[in-house]
Ligand SMILES: Cc1ncccc1N[C@@H](C)c1ccc2c(c1)OCCCO2
């Protein structure tokens, strides 16, 4: 039991900063296209083109449900949002631009974390 507690304590320490980063992403001015899963009725081709949909509300739920076993898993899901955005949206579209901006914001916060 002691070993398990040590692991879970480590995990909480690892993932606490992820929760803070997620909150900053959610309240960013350019977060609006990424807050909820893309509505596939509104965008019928989305399901066909994007194999791993991801959004900030899904990541928030996964954090709350202790779904992530490491910081890296959290980081991979966040990057999935922006990779999907680049796949589906033109770079100079409003959503495409928001995606590039949000990715830049995230990667800077992620680097702070890894070098702190
Ligand atoms: C991230 C992403 N990738 C591809 C398609 C959509 C989205 N996001 C959704 C939330 C969205 C973005 C822009 C929208 C939109 C909905 O409502 C229809 C009207 C036009 O404006």
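Rounded to the nearest 10 degrees, what's the angle between the helix 94-115 long axis and the longest principal axis of the chain, both from Cα atoms, 0 to 90?
20
For residue 83 and residue 115 in one chain, what is 0.36 nm times their gap in residues minus the Cα-Cα distance, to one decimal in nm? Display every interim value, and only then the final one.
On the way: separation 32, 0.36 × 32 = 11.52 nm, distance 2.39 nm.
Residue separation times 0.36 nm, minus the Cα-Cα distance, leaves 9.1 nm.
With axes computed from alpha carbons, what is the tilt in degrees of helix 71-88 against the longest principal axis of the chain, rounded to the nearest 10 within 0 to 90?
Result, in degrees: 0.
Describe numerically, in nm with one decimal, the distance between label points set 7 Å from Cα along Cα→Cβ at residue 65 and at residue 24.
2.7
Identify which of 80, 104, 42 has the largest mean-square fluctuation in a Gaussian network model of the chain, with springs joining Cα atoms closer than 10 Å.
42
Dividing the convex hull volume of the alpha carbon atoms of region 1-113 by its residue count, what do you get in Å³ per residue?
103
Can you put 32, 110 in order of Cβ neighbours within 10 angstrom, beginning with the fewest?
Values: 32 12, 110 18.
Fewest-to-most ranking of 32, 110: 32, 110.
Once the Cβ-Cβ distance between residue 91 and residue 14 is put in as r, and R0 is 25 Å, what FRET efficiency do you end up with, to the nearest 0.05?
Working: r = 33 Å, r/R0 = 1.33.
The calculated FRET efficiency here is 0.15.
Do the sum for the chain: with -39,500 (n - 2.57) for every DSSP H run of n ≥ 4, divided by all residues, what is the mean residue ellipticity at 222 nm, to the nearest 500 deg cm²/dmol?
-22000 deg cm²/dmol
Anyone know which of 105, 74, 43 comes out most mobile in the 10 Å Cα GNM of the chain?
Greatest mean-square fluctuation among the candidates belongs to 43.
Which residue fluctuates most in the GNM of the chain (Cα springs below 10 Å): 33, 53, 44?
44
Every number in this text was worked out from the coordinates using simple rules, so none of it is lab data. In this text the structure is predicted, and so the values were computed from the model without any measurement. Note that each Cβ is placed from the backbone with ideal geometry, even for glycine, and that neighbours are counted across all protein chains shown.
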